[in-house]
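The values are calculated or read from the model by the stated rules, or taken from the named source; none is laboratory data. Predicted model, so just to flag it, every value in this text is computed and none were measured. Using ideal geometry, Cβ is built from the backbone for each residue, glycine included, and neighbour counts are taken over all protein chains shown.
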Amino acid sequence: MEVDIDVKFVFALCVPGTGELTPRGERTRAALVTAARKIFERDGFLGARITDIAEAANVAHGTFYTYFGDKESIFGAVIESLQDDFLAPDRSPRVDGETPYDQILRANRRYYDTYVKRAKLMGLLEHVATFNDDFRALRREVRHRIVARSERAIRRWQDAGFADSTIDAHYAANALGSMVDRSVYVWLVLGEPHDPDVAIEMLTRLWANALGLATPPPAARHRAPGAPRARARR
């Protein structure tokens with residue numbers, strides 16, 4: 001069963017004080033979160049220190065505790081903004097005659113582009129989720145919401161007769177979402193060499209083929225990064 005967790009509520013429990021912040025307080029808190037992101041990306045979660053975060057935000061060490069209870073709570077605030085980036089509605093204009101394949105391609109490209117600038121934080125979240133229950137729940141929630149969006153799309157395509165009706169939409173969305181998520185992690189966090197355009201196209205084609213969707217003619221064959229060039233035939 002999918003559990004929907006309100007991340008803002010989970011990490012608000014760790015933040016001292018109650019009530020709304022003043023405009024100055026909002027600016028100070030935002031400066032701390034911005035500074036924390038830089039420190040976490042530079043030093044990692046375990047290496048990051050509250051002293052360094054406060055210094056980078058140009059506030060006194062004690063001021064940190066006015067807004068956050070500990071390192072975990074400010075990391076939660078950083079990841080909360082990360083979650084918003086991935087779950088924000090797609091505002092890109094729709095094209096007339098867009099096919100399910102086109103929609104998958106657009107979604108995969110958007111996920112990849114969103115991940116690119118946040119790869120270090122995503123790597124940190126994956127790491128921290130292995131030993132912190134709250135962040136494990138957060139990681140699952142982000143995944144569940146993305147998978148739920150995919151599941152709804154698959155059901156629409158099945159109802160319209162585009163996708164194979166014998167496929168379980170829930171498990172298909174989970175499996176295909178994992179394929180995309182893990183592939184992008186390997187490419188952007190672990191640094192596996194890849195051609196973004198080819199990689200995204202192949203993910204999309206695998207998605208569509210798995211669901212029995214119509215696909216456009218394949219693009220010209222591409223060379224894998226680092227692979228030797230084929231010799232011309234005489």
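Counting just the residues of segment 115-136 that are surrounded by fewer than 16 Cβ atoms within 10 Å (Cβ to Cβ) and hydrophobic (A, V, I, L, M, F, W, C), which one comes out nearest to the chain's Cα centre (by Cα)?
Start the filter on segment 115-136 by keeping residues that are surrounded by fewer than 16 Cβ atoms within 10 Å (Cβ to Cβ), which leaves 116-117, 120, 126-127, 130-131, 133, 136.
From the residues that got through so far, the ones that are hydrophobic (A, V, I, L, M, F, W, C) too are 116, 131.
Working: Val116: 9, Phe131: 19 Å.
Looking at the filtered set, the residue picked out is Val116.
Scan segment 55-77 for residues that are in a helix (DSSP H, G or I), free of Cβ contacts under 8 Å to residues at least 60 places away in the same chain and buried (at least 21 other Cβ atoms within 10 Å of the Cβ) and jot them down. Spell out the reasoning first.
To start, the set of residues in segment 55-77 that are in a helix (DSSP H, G or I) comprises 55-56, 61-67, 71-77.
Now drop any that are not free of Cβ contacts under 8 Å to residues at least 60 places away in the same chain, which leaves 55-56, 61-67, 71, 74.
Result: Phe64, Tyr67, Ile74.
Is there a residue being touching a residue at least 24 places away in the same chain (Cβ under 8 Å), of a type in the set (Asp, Glu) and under 19 Å from Leu203 (Cβ atoms) anywhere in segment 145-164? Please lay out each step first, then the result.
Here is the first cut: in segment 145-164, the residues touching a residue at least 24 places away in the same chain (Cβ under 8 Å) are 145-148, 150, 153-154, 157, 162-164.
From the residues that got through so far, the ones that are of a type in the set (Asp, Glu) too are 164.
If we keep only those that are under 19 Å from Leu203 (Cβ atoms) as well, we get 164.
Yes, the conditions are met somewhere in segment 145-164.
Could you please find all residues in segment 81-104 being surrounded by 17 or more Cβ atoms within 10 Å (Cβ to Cβ) and either in contact with a Leu (Cβ under 9 Å, 6 or more places away or on another chain) or on the phi > 0 side of the Ramachandran plot (or both)?
Quick first cut of segment 81-104, residues surrounded by 17 or more Cβ atoms within 10 Å (Cβ to Cβ) only: 82-83, 100-101, 103-104.
Result: Leu82, Gln83, Pro100, Tyr101, Ile104.
Against the conditions (1) surrounded by 11 or more Cβ atoms within 10 Å (Cβ to Cβ); (2) modelled with pLDDT under 90; (3) in the same structural domain as Lys71 (by TED's automatic domain parsing); (4) of a type outside the set (Ser, Thr, Tyr), where does Glu2 fall short? Just the number, please.
The failed condition is (3).
Being more than 14 Å from Pro216 (Cβ to Cβ), touching a residue at least 12 places away in the same chain (Cβ under 8 Å) and more than 13 Å from the chain's Cα centre (by Cα) is the filter here, so list the residues in segment 80-114 that pass it.
Passing the criteria: Asp90, Ser92.
Does segment 160-177 contain any residue that is among the polar types (S, T, N, Q) and loosely packed, with under 13 Cβ neighbours inside 10 Å?
Of segment 160-177, the ones among the polar types (S, T, N, Q) are 165-166, 174.
Those left that are additionally loosely packed, with under 13 Cβ neighbours inside 10 Å: 165-166.
Scanning segment 160-177 turns up at least one residue that is among the polar types (S, T, N, Q) and loosely packed, with under 13 Cβ neighbours inside 10 Å.
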